[in-house]
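The values are calculated or read from the model by the stated rules, or taken from the named source; none is laboratory data. Being a predicted model, the structure only gives us computed values, none of them experimental. Heads up, the Cβs are rebuilt from the backbone with ideal geometry, glycines too, and the neighbour counts pull from every protein chain shown. For accessibility, only protein heavy atoms count, side chains too; no ligands or nucleic acids. Shrake-Rupley method; radii C 1.70, N 1.55, O 1.52, S 1.80 Å.
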Amino acid sequence: MNDKISVIGVPMDLGADRRGVDMGPSAIRYAGIAKKLERLGFDLKDTGNINVPQPEMYVEAGKYKYLEQVVKANEQLAEAVSKEIGDGRFPLVLGGDHSIAIGTIAGVAKHVQNLGVIWFDAHGDLNTGETSPSGNIHGMSLAACLGYGHERLVSLGGFFPKLKPENIVIIGARDLDPGERALIKEIGLNVYTMHEIDKLGMARVMEEAIKQVSRETDGVHLSLDLDGLDPHDAPGVGTPVIGGISYRESHLALEILAEADVLVSAEFVEVNPILDRENATAQVAVELIGSAFGEKLL
Ligand SMILES: NC(=[NH2+])NCCC[C@H](N)C(=O)O
Ligand SMILES: [Mn+2]
Ligand SMILES: [Mn+2]
């Protein structure tokens, strides 16, 4: 794995239309991400935060809430990610709501022709403005990367689609909207719901998932929404869903992923300190980052 990591913070909450998740990058830094990665021997650079507007500056509703602002911030993010990769560094993006996957993936896909993606999430984030129950863009980011949804989101970074369905797996899904289910069936997206995780076990799920996302790709991106974990272990998220991936399963998953040595980029999103208990969810994020970057007990 690349031993140079660049942290990029994205204090974005417009895609969730809910305050708090903008403080995610600070909370994850406060929980000790730098110490963790330096102790693991990485050359770490913190590039600071992307500039994201405050929601109070705008009154907006509709099918794509805060579209203009979300696009602007994601364009900056895509450039920042692309620059770090161009400098030979591994971009580690801290959210912020999950709409930022659009910018991260746009930046990575500029360099990696066929990008594989492991999408850890309770949700599919496969809505478009037409199917979304909320108008929140964080529920539309994976769809946008696949070429579905608003033109501004789909073509962000100047090219589309960024991803092919066969190079993606979703892990941990347990809350899908009707339009998301229809899209999954239509394009044959591989989703490991909690049913498969319970039945097969996380080790087998990860082996299969890694095989699929690295088969015909030139690198793999990890997009980890903390709400993929059970709210018992990660309470500080805006859209919690019971019955999720346990603390232990999530570590196992990332340890197996680290062993496979396929990652070229990663993002950890949806940490909301306002809803958290004593920064526990940011703490979990830092521990998971450790596992994803090869931390082991012995
Ligand atoms: N990244 C997330 N937490 N997404 C939650 C999405 C919730 C719901 N499916 C929606 O579209 O509004
Ligand atoms: Mn998500
Ligand atoms: Mn989610």
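Taking the chain as a Gaussian network, Cα atoms linked when under 10 Å apart, which of G32, G188, G219 shows the biggest mean-square fluctuation?
Looking only at G32, G188, G219, the largest GNM fluctuation is found for G188.
Under the classification rounded if a/c is under 1.5, otherwise prolate if a/b is larger than b/c and oblate if not, where does the chain fall, given a ≥ b ≥ c as square roots of the Cα gyration tensor eigenvalues? Present the calculation step by step, with values, prior to reporting the outcome.
Values: a/c = 1.21, a/b = 1.11, b/c = 1.09.
Since a/c stays below 1.5, the shape of the chain is classed as rounded.
Along the Cα-to-C-beta direction of I274, a point sits 7 Å from the Cα; which residues of region 111-152 have their amide N less than 19 Å from that point?
What the label zone holds, given the 19 Å backbone N cut-off, is 134-139.
May I ask you to list the lysines whose Cα is less than 21 Å away from that of K296, ignoring any residue fewer than eight positions away on the same chain?
Once the sequence-local lysines are set aside, what remains near K296 is K4, K35, K36.
Between M1 and L297, what is 0.36 nm times their sequence separation minus the Cα-Cα distance? Round to one decimal in nm.
On the way: separation 296, 0.36 × 296 = 106.56 nm, distance 1.91 nm.
Fully extending the segment from M1 to L297 adds 104.7 nm.
With a point put 7 Å past each Cα toward its Cβ, work out how far H111 is from R248 in nm, to one decimal.
Between H111 and R248, the label points sit 3.7 nm apart.
Where in the chain are the DSSP H helices whose alpha-carbon span along the long axis reaches 15 Å or more and whose Kyte-Doolittle mean is at least 1.0?
280-292
With every protein chain kept in place and ligands, DNA and RNA left out, what is the accessible area per residue of region 215-292? Probe 1.4 Å, answer in Å².
Numbers: 2780 Å² over 78 residues.
Solvent-accessible surface per residue comes out at 36 Å².
Take K185 and K35, extend 7 Å from each Cα along the Cα→Cβ direction, and tell me the distance between the two endpoints in nm.
So the label points at K185 and K35 sit 5.1 nm apart.
Students often get this wrong: which residues of region 115-137 have the backbone nitrogen under 14 Å from the point 7 angstrom along Cα-to-C-beta of E68?
none
Measuring from label point to label point, each 7 Å out along Cα→Cβ, what is the E216 to R204 span in nm?
Calculated label separation equals 2.6 nm.
For region 76-160, which chymotrypsin sites (Phe, Trp or Tyr not before Pro) pass both filters: DSSP loop (anything but H, G, I, E, B) and at most 11 other C-beta atoms within 10 Å?
Here the chymotrypsin sites (Phe, Trp or Tyr not before Pro) that fit, given the DSSP loop and packing criteria, are F159.
How about K164: which lysines have a C-alpha closer than 17 Å to its C-alpha, ignoring those fewer than 8 places off in the same chain?
K164 reaches K110, K185, K211.
Leaving out ligands and nucleic acids, note down the accessible area per residue over region 49-158 with a 1.4 angstrom probe, in whole Å².
Working: 3680 Å² over 110 residues.
Here the per-residue accessible area is 33 Å².
How large, in percent, is the carbon and sulfur part of the accessible surface of region 108-218 at a probe radius of 1.4 Å? Before the final figure, lay out each step's value.
Values: 2170 of 4560 Å².
Looking at region 108-218 in its full context, I get 48 percent from C and S.
What aspartates and glutamates does K63 reach when the alpha-carbon gap must be under 14 Å and sequence neighbours fewer than 8 apart in one chain are set aside?
Partners within reach: D17, E130, E151.
Over the chain, what is the mean sequence separation of C-alpha contacts under 8 Å (at least six apart), divided by residue count, expressed as relative contact order in percent? Could you put the intermediate results ahead of the total?
On the way: 686 pairs, mean separation 68.4, N = 298.
It comes to 23 percent, rounded to a whole number.
Quick one: grab the alpha carbon gyration tensor of region 108-158, order the square roots of its eigenvalues as a ≥ b ≥ c, and give me rounded if a/c is under 1.5, else prolate or oblate depending on whether a/b is larger than b/c.
Working: a/c = 2.89, a/b = 1.38, b/c = 2.09.
It is oblate, given that a/c is not under 1.5 and a/b is not larger than b/c.
Please find, in a Gaussian network model of the chain (springs between Cα atoms separated by less than 10 Å), the residue of K164, K185, K110 whose mean-square fluctuation is greatest.
K185
Less than 13 Å from a label point 7 Å out along the Cα-to-Cβ axis of H195: which backbone N atoms in region 111-130 qualify, by residue?
none
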